[in-house]
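Novice: One structure is given below, represented as structure tokens, and several questions about it will come after.
The values are calculated or read from the model by the stated rules, or taken from the named source; none is laboratory data. Quick caveat, the model's predicted, so the values are computed rather than measured. Neighbour counts are summed over all protein chains in view; Cβ atoms, including those assigned to glycine, are modelled from backbone coordinates with ideal geometry.
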Amino acid sequence: MRRFFSIGSTPIFVLLLGMLAFQGTAQAQTRELSTQGQLLDRIAAVVNDGVVLESEVDDQMKQVTAQLQSQNMTLPADSVLRSQVLNRLIMQRIELEQADRDGITISDDQLNAALEDVAKRNNIPFADLPTVLAQQGIDYANYREDMREQLTLGLLRQRDVLQQIAVTPREIDQFLAKQARQPAGNVEYSVSHILIAVPPNASPAQIAAAQERAADVYRRASKGEDFAKLAVAYSNSEDALQGGSLGWRKGSELPTFLAGVILALKPGEVAAPVRSPTGFHIVKLDKVRSQDKRDIVEQIHVRHILLKTNALQDDATVRQRLEQIRQRVLSGQETFAVAAAAASQDPGSASEGGDLGWESPEIFDPTFSDQVEKLKVGEISQPFRTRYGWHIAQLLGRRDHDATQEVQRLDAMEAIRASKADEDTELWLQHLRDDAYVKIMSG
């Protein structure tokens, strides 16, 4: 769930979540004055026990405006854009408060790992990240906190939405069977989307008003009006400030209730509004592309013996025991499998003679993979230590494996989950908003 933004010749637009440095009540905030008696900040909205500040809205307006301009999108009126920005900040505050109540936190180690990934994918040393950000006018401390918030929201949605979406083996089998009947299963679609929301338990008048607005937006879009501008101005979806873009998706990853509509469109066409529990949806097919590849992966067949230290056996003792076992195997006094079954403390492989089967090296502890990588087929390593304990390992074979079928099943599961996730996420956000106290302050 989560996007990290590139660092390089293109500016980074990373402050999309807003700053949550302010803590306190609305009353205290409105009384905060400078020494000259001037108001330092104003409240844009009260959200449960917290607030969204005007300064946050201003910062977000600058960031979103720059982002939309960099994508050559026509900007709506400032009042319309400001309303969208404020609504997004309100929802983010609601989600962050929910995460806080549920005890969802991001440790410094998790945060640093995410930042290292950003640096790695932008081909810069992690230590240089603060300097590169500063060159683009971005404060590193603020960037870290924004990243922490993004990760927190990702975990919350993973737990409350994505993990609640069940995908059965039967669904996967049906999905793959359907793909087999459709040669264009490798086709990907770039889609844009506008949601005219209908609140839960809406009155007939509210439904009629939403339907009329959706029909108006559809007419304007079908006549060639800029779809991205319409999305920014009218969409109630969380992707509104990205011009309604859903990005590139395989046909199987499109929202289930919209897939048939999208697949019937030609690039550039806009579909008439479609009703769902969350409201009326208007979609535009932007582009189509094809991809076809097989997944060939390197695999190793390895077995090992694991011993762990304890109060009676320190590192030196355990290492010596493994060396003795290694020497007995090398001299033919016992087989590796018998020694593993008798001595190994790995409950998952001991009964199999230490055999870990054919696996990709990436699934193992990095130290374990590095040690095995040095071995020739049939060779037994010297004792080495990982976070799990002390090992000796024997490489039994290497191969290039066509993992296309396994990958297809994993992809199918993710595609089914993705097709359900959009609507489930919108419903979840609506419920969060309905359960929250929100008061938008007048100018």
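Novice: Residues that are among the hydroxyl-bearing types (Ser, Thr, Tyr) and within 22 Å of the chain's Cα centre (by Cα): which helices (runs of 4 or more DSSP H) entirely in region 111-195 hold 1 or more of them?
Specialist: Values: elements: 129-135, 140-160, 169-180.
Passing ranges, in order: 140-160.
Novice: Given (1) in contact with a strand residue (DSSP E or B) (Cβ under 7 Å, 6 or more places away or on another chain); (2) assigned to a helix (DSSP H, G or I); (3) over 23 Å from residue 298 (Cβ atoms), where does residue 345 come up short, assuming only one miss?
Specialist: Evaluating residue 345 over (1) in contact with a strand residue (DSSP E or B) (Cβ under 7 Å, 6 or more places away or on another chain); (2) assigned to a helix (DSSP H, G or I); (3) over 23 Å from residue 298 (Cβ atoms) leaves (2) as the failure.
Novice: Of 221, 231, 259, which residue is under 13 Å from residue 188 (Cα atoms), part of a helix (DSSP H, G or I), outside the structural domain of residue 75 (by TED's automatic domain parsing) and not aromatic (Phe, Trp, Tyr)?
Specialist: Working: 221 fails: under 13 Å from residue 188 (Cα atoms); 231 fails: under 13 Å from residue 188 (Cα atoms).
Exactly one residue qualifies, and that residue is 259.
Novice: Only residues that are in contact with a helix residue (DSSP H, G or I) (Cβ under 8 Å, 6 or more places away or on another chain) and either outside the structural domain of residue 95 (by TED's automatic domain parsing) or among the charged types (D, E, K, R) (or both): list them for region 123-160, please. So that I can check it myself, show each step before the final result.
Specialist: Within region 123-160, the first condition is being in contact with a helix residue (DSSP H, G or I) (Cβ under 8 Å, 6 or more places away or on another chain), and the residues that meet it are 124-126, 128-130, 133-134, 139-140, 143-144, 147-149, 151-153, 155-157, 160.
Correct list: 128, 139, 144, 148, 149, 157, 160.
Novice: Which one of 344, 351 is over 30 Å from residue 162 (Cβ atoms), in contact with a helix residue (DSSP H, G or I) (Cβ under 9 Å, 6 or more places away or on another chain) and at pLDDT 95 or above?
Specialist: Working: 351 fails: at pLDDT 95 or above.
So the residue among 344, 351 that is over 30 Å from residue 162 (Cβ atoms), in contact with a helix residue (DSSP H, G or I) (Cβ under 9 Å, 6 or more places away or on another chain) and at pLDDT 95 or above is 344.
Novice: Filter region 296-317 down to residues that are of a type in the set (A, V, I, L, M) and surrounded by 20 or more Cβ atoms within 10 Å (Cβ to Cβ) and give me whichever is nearest to residue 363 (Cα to Cα). Write out each step before concluding.
Specialist: Initially, region 296-317 is screened for residues of a type in the set (A, V, I, L, M), giving 296-297, 300, 302, 305-307, 311-312, 316.
Next, from what is left, pick out any that are surrounded by 20 or more Cβ atoms within 10 Å (Cβ to Cβ): 300, 302, 305-307.
Details: 300: 11, 302: 12, 305: 17, 306: 17, 307: 20 Å.
Residue satisfying both the conditions and the ranking: 300.
Yes/no per residue for (1) of a type in the set (Val, Ile, Thr); (2) surrounded by fewer than 21 Cβ atoms within 10 Å (Cβ to Cβ); (3) within 23 Å of the chain's Cα centre (by Cα); (4) farther than 18 Å from residue 425 by Cα:
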site: 241; (1), (2), (3), (4): no, no, yes, no
site: 245; (1), (2), (3), (4): no, yes, yes, no
site: 248; (1), (2), (3), (4): no, yes, yes, yes
site: 260; (1), (2), (3), (4): no, yes, no, yes
site: 264; (1), (2), (3), (4): no, yes, no, yes
site: 275; (1), (2), (3), (4): no, yes, no, no
site: 278; (1), (2), (3), (4): yes, no, yes, no
site: 284; (1), (2), (3), (4): no, no, no, yes
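Novice: State yes or no: is residue 318 assigned by TED's automatic domain parsing to the domain that holds residue 382, in contact with a Leu (Cβ under 8 Å, 6 or more places away or on another chain) and either of a type in the set (S, T, N, Q) or in a strand (DSSP E or B) (or both)? Reasoning before the result, please.
Specialist: Details: assigned by TED's automatic domain parsing to the domain that holds residue 382: yes; in contact with a Leu (Cβ under 8 Å, 6 or more places away or on another chain): yes; either of a type in the set (S, T, N, Q) or in a strand (DSSP E or B) (or both): no.
When the stated conditions are applied, residue 318 does not pass them.
Novice: Same structure again: So residue 323 clears everything in (1) under 15 Å from residue 390 (Cα atoms); (2) out of contact with any Pro (no Cβ under 8 Å at 6 or more places or on another chain); (3) surrounded by fewer than 17 Cβ atoms within 10 Å (Cβ to Cβ) except one condition, right? Which one?
Specialist: It is condition (2) that residue 323 fails.
Novice: Further question: In region 382-411, what residues are in a strand (DSSP E or B) and either more than 30 Å from residue 315 (Cα to Cα) or outside the structural domain of residue 365 (by TED's automatic domain parsing) (or both)?
Specialist: The first filter runs over region 382-411 and keeps only residues in a strand (DSSP E or B), leaving 384-386, 389-402.
Once the filter is applied, which keeps residues that are in a strand (DSSP E or B) and either more than 30 Å from residue 315 (Cα to Cα) or outside the structural domain of residue 365 (by TED's automatic domain parsing) (or both), region 382-411 yields 398, 399, 400, 401, 402.
Novice: Same structure again: For region 196-207, what are the residues that are touching a residue at least 40 places away in the same chain (Cβ under 8 Å), surrounded by 14 or more Cβ atoms within 10 Å (Cβ to Cβ) and in a loop (DSSP other than H, G, I, E, B)?
Specialist: Restricting attention to region 196-207, the residues satisfying the condition of being touching a residue at least 40 places away in the same chain (Cβ under 8 Å) are 196-200.
Going one step further and asking which of them are surrounded by 14 or more Cβ atoms within 10 Å (Cβ to Cβ), we end up with 196-199.
Hits for region 196-207 are 198, 199.
Novice: Something else about it: Mind checking which residues of region 357-381 are modelled with pLDDT of 95 or more and assigned to a strand (DSSP E or B)?
Specialist: Selection gives 380 alone.
Novice: Quickly run through region 24-52 and pick out the residues that are in contact with a Leu (Cβ under 9 Å, 6 or more places away or on another chain) and either modelled with pLDDT of 80 or more or in a strand (DSSP E or B) (or both).
Specialist: 33, 39, 42, 43, 44, 45, 47, 50, 52
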